[in-house]
Amino acid sequence: MSVPALATRGLDKSFGSLAVARGVELALPQGERYALIGPNGAGKTTLINLISGMLKPDRGQIFLGDTDITALRPEARVKCGLVRTFQINTLFPRLSALEAVTLAVCERRGYAGSWWRELPAYDDAVEEAYAILVSLRLAASCYRPTRELAYGQQRLLEIALALATRPRVLLLDEPAAGVPQGESAELFSVISALSRDITLLFIEHDMNVVFRFARRIIVMAAGRILVEGTPEEIAADARVREVYLGGTRRG
């Protein structure tokens with residue numbers, strides 16, 4: 001059996017008497033597209049925070065491939081190939097999209113402190129950054145300041161910055177947050193076309209998007225994994241319908 005790209009074993013986390021993660025067990029195969037869903041307070045973002053190192057678990061282990069990364073700081077996990085985005089983007093408003101991604105590429109290569117002084121010496125970094133923008137359909141806007149990009153484009157730029165680190169596993173916490181509903185499907189069509197070298201786990205509340213773009217779905221409730229399965233299996237599961245009270249409310 002092949003080693004999962006990302007796995008957790010017996011992951012627990014509590015804040016005082018409030019248990020927000022209870023014995024979470026995950027195993028994401030290489031290259032899969034997983035959605036993480038659940039009602040409000042289910043523990044979805046907490047789980048992403050635990051996996052990415054923003055929170056320390058009380059018990060349990062986290063593996064990236066066959067490497068135990070439980071004790072690593074977030075920046076060390078990024079260097080190992082585990083990268084996340086956030087619900088609220090954190091971009092440089094005055095930089096162009098190409099400048100921002102080039103900076104991220106240079107940071108990964110270890111010469112971010114001087115790249116802007118000798119830009120011609122780093123043509124390869126610029127070319128890599130431009131290729132990332134092309135893959136996310138941002139090439140036409142690559143010279144525009146970030147603050148002038150449409151919000152959906154800003155969300156894609158955040159993903160471009162994550163791709164500049166060359167992740168093996170990419171965690172997306174509500175990538176369509178703030179994006180007009182009519183544009184979210186287009187955003188996810190770009191995300192779903194990412195290289196199969198990248199394993200993807202994303203939180204999303206729009207069930208139409210989830211069932212269209214996820215290959216498998218993990219449902220959380222009260223800090224636990226309730227069920228995991230294909231979109232067809234999840235849609236037919238009575239436990240999922242009960243958790244959502246017959247609907248797909250935000251959470």
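The values are calculated or read from the model by the stated rules, or taken from the named source; none is laboratory data. Every value quoted in this text rests on a predicted model; they were computed, and no experiment measured them. Every residue, glycine as well, gets a Cβ built from its backbone with ideal geometry; the counts of neighbours run over all protein chains shown.
Can you name the residue in the stretch 216-251 that is among the basic types (Lys, Arg) and either at pLDDT below 95 or more than 18 Å from the chain's Cα centre (by Cα) (or both) and, of all such residues, is nearest to Pro57 (Cα to Cα)?
If we filter the stretch 216-251 for residues that are among the basic types (Lys, Arg), which is where we start, we get 216, 224, 239, 241, 249-250.
Right, trim to either at pLDDT below 95 or more than 18 Å from the chain's Cα centre (by Cα) (or both) and you get 224, 239, 241, 249-250.
Values: Arg224: 14, Arg239: 27, Arg241: 29, Arg249: 28, Arg250: 26 Å.
Selected residue: Arg224.
Taking the options Ala35, Ala76, Ala21, name whichever one is within 24 Å of Glu158 (Cβ to Cβ), of a type in the set (Gly, Ala, Ser) and part of a strand (DSSP E or B). Can you show your working first?
Details: Ala76 fails: part of a strand (DSSP E or B); Ala21 fails: within 24 Å of Glu158 (Cβ to Cβ).
Step by step, each of Ala35, Ala76, Ala21 is checked, and only Ala35 is within 24 Å of Glu158 (Cβ to Cβ), of a type in the set (Gly, Ala, Ser) and part of a strand (DSSP E or B).
For (1) in contact (Cβ under 8 Å) with a residue 24 or more places away in the chain; (2) of a type in the set (D, E, K, R); (3) on the phi < 0 side of the Ramachandran plot; (4) surrounded by fewer than 20 Cβ atoms within 10 Å (Cβ to Cβ), each residue gets a yes or a no:
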| site | (1), (2), (3), (4) |
| --- | --- |
| Ala160 | yes, no, yes, no |
| Leu163 | yes, no, yes, no |
| Val169 | yes, no, yes, no |
| Ala185 | yes, no, yes, yes |
| Ile191 | yes, no, yes, no |
| Ile217 | yes, no, yes, no |
| Glu233 | no, yes, yes, yes |
Would you be able to say whether some residue in the stretch 14-24 is under 16 Å from the mean Cα position of the chain (by Cα), of a type in the set (Phe, Trp, Tyr) and not assigned by TED's automatic domain parsing to the domain that holds Thr146? no
Could you figure out which of (1) in the same structural domain as Val105 (by TED's automatic domain parsing); (2) at pLDDT below 95; (3) surrounded by fewer than 23 Cβ atoms within 10 Å (Cβ to Cβ) isn't true of Arg155? (3)
Report whether or not Glu204 is assigned by TED's automatic domain parsing to the domain that holds Tyr34 and within 30 Å of Gly229 (Cα to Cα). yes
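Looking at the stretch 1-18, which of the residues that are among the hydroxyl-bearing types (Ser, Thr, Tyr) and in a strand (DSSP E or B) is nearest to Leu170 (Cα to Cα)? Can you show your working first?
In the first step, residues of the stretch 1-18 are kept if they are among the hydroxyl-bearing types (Ser, Thr, Tyr); the result is 2, 8, 14, 17.
Then drop every residue that is not in a strand (DSSP E or B), which leaves 8, 14.
Numbers: Thr8: 15, Ser14: 25 Å.
Once the filter is applied, the top-ranked residue is Thr8.
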Among the candidates Asp197, Asp173, single out the residue that is in contact with a helix residue (DSSP H, G or I) (Cβ under 6 Å, 6 or more places away or on another chain) and within 27 Å of Leu161 (Cβ to Cβ). Asp173
Answer yes if at least one residue in the stretch 179-192 is closer than 23 Å to Thr165 by Cα, in contact with a helix residue (DSSP H, G or I) (Cβ under 9 Å, 6 or more places away or on another chain) and small (Gly, Ala, Ser), and no otherwise. yes
Condition first: assigned to a loop (DSSP other than H, G, I, E, B), surrounded by 19 or more Cβ atoms within 10 Å (Cβ to Cβ) and under 14 Å from the mean Cα position of the chain (by Cα). Now tell me which residues in the stretch 38-73 satisfy that. Gly53
